[in-house]
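Notes for the one structure printed next.
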Amino acid sequence: MSYIVAVRALCEFTAKQGDLDLRFTPSPTAQEGIAGHALVAARRAATYQREIGLEGDFGPLHVRGRADGYDPAKNQIEEIKTFRGDLSAMPDNHRQLHWAQVKVYGHLLCQKLGLSEITLALVYFDIASQRETVILEEHGAAALRGVFELLCSRFLRWADLEMAHRAARDGTLRLMRFPHPAFRPGQRQLAEAMYKASSRACCLLAQAPTGIGKTIGSLFPMLKACAQHGLDKVFFLSAKSSGRQLALDALSTIKANAPQLPLRVLELVAKTSACEFPGHACHGASCPLARGFYERLPAARSAALECASLLDQARLREVALEHQVCPYYLSAELARWSDVIVGDYNYYFDSSAMLYGLTIVNDWRVNVLVDEAHNMVARARNMYSAELDHLSIKLLRQNAPRALKQALARLHREWVQLEKNQEEPYRAYPAIPQKFTAVLQGLGAALGDYLADNPGVVVPDWQRLYHDVLPFIRLSESFGEHSLFDITTGSTGSQLCIRNIIPGPFLKQRFAASRSTALFSATLSPWNYYADTLGMPDNTVWVDVASPFEASQLAVQIVGAISTRFQHRARSLAPISELMAKQFFRQRGNYLAFFSSFDYMDTVAALFAERYPGIPKWQQARRMDRTARERFLAHFTADGQGVGFAVLGGSFGEGIDLPGARLIGAFIATLGLPQINLVNEQIRQRMDAIFGAGYAYTYLYPGIRKVVQAAGRVIRTPSDQGVIYLIDDRFARPEVMRLFPAWWHVKHASTP
């Protein structure tokens, strides 16, 4: 059995020393880095060779990578690094890592070409000045072989343990049985679909009803696939922390049922949640957990991976503090060595996603599970959108340092010109003006240079502006029909937005990097909406898992006599209140009532309290924190009675579990359709032009999805009984009813 490792990973593991040093250093964008490499190569002789694939072995260790360039006339191999600012400020451990990489490449090339010696060159290319700083060293092949063997021997001790772990893991996974006596109804169908998708190396869209155990029903087959399909890792990605906890609980159940299973499970959390010293910068001079980080990392890494329990946020923090290292960056290191990683969507799908980057660099074979995947469209749109505000930039400009004044003045002039050319308060444009983009790129470069040249006097406002400008520049470079460029003007100025509406073009490479990506949710109908907008491969498989619930469990009634349209809302208040009261007195218990907005909810709740003071009520507030949300949910006890008022699409419309008598019914007084406004109308036009389904893709499907999610709070187990009132005549339309779950038996109530 061989162990494959990338040159970069080998060197990062064995050659990094000293402090963790992540103080702010503006780095080139990906496009600037590519352009910088291309420019350096263009300056070389015609015989210069780029991107040379190299590989070599040391015992069972197989090392591979790509050297940036080789000049055969000079017998010189080059490692090219683009940078901004003062090269002398580069931390020593970064330079040591660069030398280790070029020495390994030098050895592999000497071995490949039979060379007795070679010139090693570290080429540092300054993006701002476009000047090169070249550092040369002459090395004999024997000396380079010694460096290679030393690094490999250090890594091999770890690799031997990794290979033993992998063999034990896969052997146990092959024999592992489902951790419950039997599958729930529908759970086996989901598990089989997951496993078959991995077998066929294709993606999967799985609509599976609430209550069948989707989390364990997806993790179990993907773990079996690790052994059978040679997978390195499984990523379980969720939109919310509650989804992460469900995955960790399911993995605990799997491990408890297979005590000999050496499965390494890691939870990734946001840096802000993991940071022990939030007021300190990430470098040894500021944070005690960054000082000497790489000296203490090996012991911390070993201790963490020997831990028998799952490495959730709490356990990882314990290990990190025991060894006095940063919990967040310890978790980033452990991602390389874990079997299952549980985290947020952004860790794989965002533009700078850590797990995706590691997958590409290390050539990992991964399967990706996307929980509650109906959230993916909105979340991915946010990942690939950017906004700039003129007022905030004008305020910063008043006290701008000399180095930034000219760039800010140019941007201001171009921005004012855009505002003069726009008569209406909102307008979408077919393209981003090239002159504005060029000026913005100039500001980005000036900000990068200023922040790099003045690390000791950095003002947080300039860092924030830099982090606002950079995404805008990056997205402008890939602007196309998948996004809108629009300008909104108001009394305080204007906002410029690159607004992604079809994330598919950005996500396709994410799907391509996995063996299989499975997206699952209780609401993924119609499947083509998600396949189209997310850019899923043509061979994606769709499965609609049969529900374990019976129509007799849930009385679904459409109340067509009440209209919740905006112009009719005043007339709807009394009938809705009466409907809820009648149902409550008919069957006392806990209910949820959903409305389209806080204003609508508050108005109905006030009238309901006035007319029916004997019925307990509680309601969602704007910007509720975790404690407030828990207080709201605490009303739903098994012997409780009352009505909770909430906004559809908010905290209580999905992701909460109130089985049995904790919730026996819901009133949904809205179709959940997004507001008709200028932005959404632009999205509708674009969806219509590309997919021929503008209204459905922009309004209908997202709206009814929220309705079905909210209704799904009522029936959670095969023994639950409940009632749903869909309040609006539009619920009776055929195109709406086709989007309801197939197991619902819908009745029509002509009067409240």
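Observations on the structure shown:
- Complete set of residues in the stretch 171-188 that are surrounded by fewer than 18 Cβ atoms within 10 Å (Cβ to Cβ) and in a helix (DSSP H, G or I): GLY171, THR172, ARG174, LEU175, ARG188
So that you can scan it fast, the table gives a plain yes or no per residue for (1) farther than 15 Å from THR172 by Cα; (2) among the aliphatic types (A, V, I, L, M); (3) touching an Asp or Glu at 6+ places or on another chain (Cβ under 8 Å):
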| site | (1), (2), (3) |
| --- | --- |
| GLY217 | yes, no, no |
| PRO221 | no, no, yes |
| HIS229 | no, no, no |
| LYS233 | yes, no, yes |
| ARG264 | no, no, yes |
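- Of all residues in the stretch 53-68, those satisfying the criterion of being touching a Cys at 6+ places or on another chain (Cβ under 8 Å) and over 30 Å from VAL134 (Cα atoms) are PHE58, GLY59, LEU61.
- Selection within the stretch 274-319 - more than 25 Å from LEU248 (Cα to Cα), open to solvent by 60 Å² or more (accessible area, probe 1.4 Å) and touching a helix residue (DSSP H, G or I) at 6+ places or on another chain (Cβ under 8 Å): PRO278
- A single member of ASP625, ASP602 is open to solvent by 20 Å² or more (accessible area, probe 1.4 Å), without any contact (Cβ under 8 Å) to a residue 12 or more places away in the chain and over 20 Å from VAL723 (Cα atoms), and it is ASP625.
- Selected residue (criterion: surrounded by the fewest Cβ atoms within 10 Å (Cβ to Cβ)) from residues of the stretch 320-339 that are of a type in the set (S, T, N, Q) and in contact with a strand residue (DSSP E or B) (Cβ under 8 Å, 6 or more places away or on another chain): SER338
- For the stretch 72-101, the set of residues classified as open to solvent by less than 50 Å² (accessible area, probe 1.4 Å), of a type outside the set (A, V, I, L, M) and either within 22 Å of ALA142 (Cβ to Cβ) or assigned to a helix (DSSP H, G or I) (or both) consists of ASN75, GLN76, GLU78, GLU79, ASN93, HIS98, TRP99, GLN101, listed by residue number.
- Any chance SER351 is assigned to a helix (DSSP H, G or I), closer than 27 Å to SER514 by Cβ and small (Gly, Ala, Ser): no
- In the stretch 403-426, the residue that is farthest from TYR450 (Cα to Cα) out of those that are open to solvent by 90 Å² or more (accessible area, probe 1.4 Å) and either in contact (Cβ under 8 Å) with a residue 60 or more places away in the chain or not in a helix (DSSP H, G or I) (or both) is GLU423.
- Restricting LYS233, LYS240, LYS224 to residues that are under 21 Å from TYR356 (Cβ atoms), charged (D, E, K, R) and open to solvent by 30 Å² or more (accessible area, probe 1.4 Å) narrows the list to LYS240.
- Selected residue [more than 30 Å from MET163 (Cα to Cα), open to solvent by less than 40 Å² (accessible area, probe 1.4 Å) and at pLDDT 95 or above] from VAL377, VAL342: VAL377
- Unmet criterion (only one of (1) assigned to a helix (DSSP H, G or I); (2) among the charged types (D, E, K, R); (3) open to solvent by 30 Å² or more (accessible area, probe 1.4 Å); (4) in contact (Cβ under 8 Å) with a residue 24 or more places away in the chain) for ARG157: (4)
- Applying the set (1) surrounded by fewer than 20 Cβ atoms within 10 Å (Cβ to Cβ); (2) closer than 17 Å to GLY18 by Cβ; (3) of a type in the set (Val, Ile, Thr) to THR253 leaves exactly one unmet item: (2).
- Checklist (1) open to solvent by 20 Å² or more (accessible area, probe 1.4 Å); (2) in contact with a Phe, Trp or Tyr (Cβ under 6 Å, 6 or more places away or on another chain); (3) part of a loop (DSSP other than H, G, I, E, B); (4) not acidic (Asp, Glu) applied to ILE715, failing item: (1)
- For the stretch 102-142, filtered to residues that are under 30 Å from ALA445 (Cβ atoms) and open to solvent by less than 10 Å² (accessible area, probe 1.4 Å), the residue that is farthest from the chain's Cα centre (by Cα) is ALA121.
- Verdict on LEU554 being closer than 30 Å to MET687 by Cβ and either of a type in the set (A, V, I, L, M) or open to solvent by 30 Å² or more (accessible area, probe 1.4 Å) (or both): no
- Helices (runs of 4 or more DSSP H) contained in the stretch 238-323 and holding at least 2 residues under 24 Å from TRP158 (Cβ atoms) and free of Cβ contacts under 8 Å to residues at least 60 places away in the same chain: 293-305, 313-322
- Cβ-Cβ distances below 6 Å connect the following pairs, each with a first residue in the stretch 362-389 that is in a helix (DSSP H, G or I), a second residue that is open to solvent by 30 Å² or more (accessible area, probe 1.4 Å), and a separation of six or more residues or different chains: HIS374/ARG705; MET383/ASP350.
- Beta carbons closer than 8 Å, at least 6 apart along the sequence or on distinct chains, pair a first residue in the stretch 702-729 that is touching a residue at least 60 places away in the same chain (Cβ under 8 Å) with a second that is buried (at least 20 other Cβ atoms within 10 Å of the Cβ) and of a type in the set (D, E, K, R) for GLN709/GLU654; ALA710/GLU654; GLY712/GLU654; ARG713/GLU654.
- From the list PHE485, PHE520, PHE549, the one residue that fits, being in contact (Cβ under 8 Å) with a residue 12 or more places away in the chain, open to solvent by less than 50 Å² (accessible area, probe 1.4 Å), of a type in the set (Phe, Trp, Tyr) and over 30 Å from GLY665 (Cβ atoms), is PHE485.
- Residue match in the stretch 202-214 (condition: of a type in the set (S, T, N, Q) and in contact with an Asp or Glu (Cβ under 6 Å, 6 or more places away or on another chain)): yes
- The lone exception for GLU578 - which of (1) part of a loop (DSSP other than H, G, I, E, B); (2) open to solvent by 30 Å² or more (accessible area, probe 1.4 Å); (3) touching a residue at least 60 places away in the same chain (Cβ under 8 Å) it fails: (1)
- Cβ-Cβ distances below 9 Å connect the following pairs, each with a first residue in the stretch 92-106 that is over 13 Å from THR119 (Cβ atoms) and among the polar types (S, T, N, Q), a second residue that is open to solvent by 40 Å² or more (accessible area, probe 1.4 Å) and not in a helix (DSSP H, G or I), and a separation of six or more residues or different chains: ASN93/LYS16; ASN93/GLN17; ASN93/ASP19; GLN96/LYS16; GLN96/GLN17.
- Test result for TYR725, in a helix (DSSP H, G or I) and open to solvent by less than 50 Å² (accessible area, probe 1.4 Å): no
The values are calculated or read from the model by the stated rules, or taken from the named source; none is laboratory data. The structure displayed is predicted, hence computed values, not measured ones. All Cβ positions, glycine included, derive from the backbone under ideal geometry; neighbour counts span all protein chains shown. With ligands, DNA and RNA removed, areas are computed over all heavy atoms of the protein, side chains included. Shrake-Rupley method; radii C 1.70, N 1.55, O 1.52, S 1.80 Å.
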